[in-house]
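As structure tokens, the structure follows; a few thoughts come after it.
The values are calculated or read from the model by the stated rules, or taken from the named source; none is laboratory data. A quick note: this is a predicted structure, and the numbers were derived from the prediction, not measured. For neighbour counting, all protein chains shown are included, and Cβ atoms are generated from backbone atoms with ideal geometry for every residue, glycine included. Side chains included, ligands, DNA and RNA excluded: accessible areas come from the protein's heavy atoms. Shrake-Rupley method; radii C 1.70, N 1.55, O 1.52, S 1.80 Å.
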Amino acid sequence: VQLQACGGGLVQAGGSLRLACASSGSTFSINAMGWYRQAPGKERELVASISSGGSTYYADSVKGRFTISGDNAKNTVYLQMNSLKPEDTAVYYCNAKVALVEYDYWGQGTLVTVSS
């Protein structure tokens, strides 16, 4: 499984960005996909995830502001980020979980910077 993430950038507080993560390879084996983020000096944290069945999870810090969705035809997962805050500034990583082999695949990070 290969993951290609894009969509980061610089935005003012209150603005919006949409991240996209395109998967290729053995995508049939993916059980869930998600977005993690890592801010400077902090541990990587799960922001949102979506299962192959469509179930979603959101960290409390982004509930009501971020929306994760998937396009099965394009093998792409999106993270729509609204009402961005400076504390959302981080490198965002796309993740795919394959339960059969208990393995996590990672895309390259994409930087999101929210200015105050």
- Message: Of everything in the stretch 58-76, what is loosely packed, with under 15 Cβ neighbours inside 10 Å and at pLDDT below 95? Give them in sequence order.
- Response: Asp71, Asn72, Ala73, Lys74
- Item | Single unsatisfied condition, Cys94 versus (1) in contact with a strand residue (DSSP E or B) (Cβ under 7 Å, 6 or more places away or on another chain); (2) over 20 Å from Val62 (Cα atoms) | (2)
- Could you please let me know if Thr113 is over 23 Å from Val1 (Cβ atoms), over 10 Å from the mean Cα position of the chain (by Cα) and part of a strand (DSSP E or B)? yes
- Query: Among the strands (runs of 3 or more DSSP E) contained in the stretch 1-53, which hold 3 or more residues that are closer than 17 Å to Lys74 by Cα and open to solvent by less than 50 Å² (accessible area, probe 1.4 Å)?
  - Reply: 17-24, 32-38
- Any idea which residue in the stretch 77-116 is most open to solvent (accessible area, probe 1.4 Å), counting only those that are modelled with pLDDT under 95 and among the polar types (S, T, N, Q)? Ser116
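Closer than 15 Å to Leu3 by Cβ, touching a residue at least 24 places away in the same chain (Cβ under 8 Å) and over 15 Å from the mean Cα position of the chain (by Cα), is that true of Gly25?
Judged against the criteria, Gly25 is a match.
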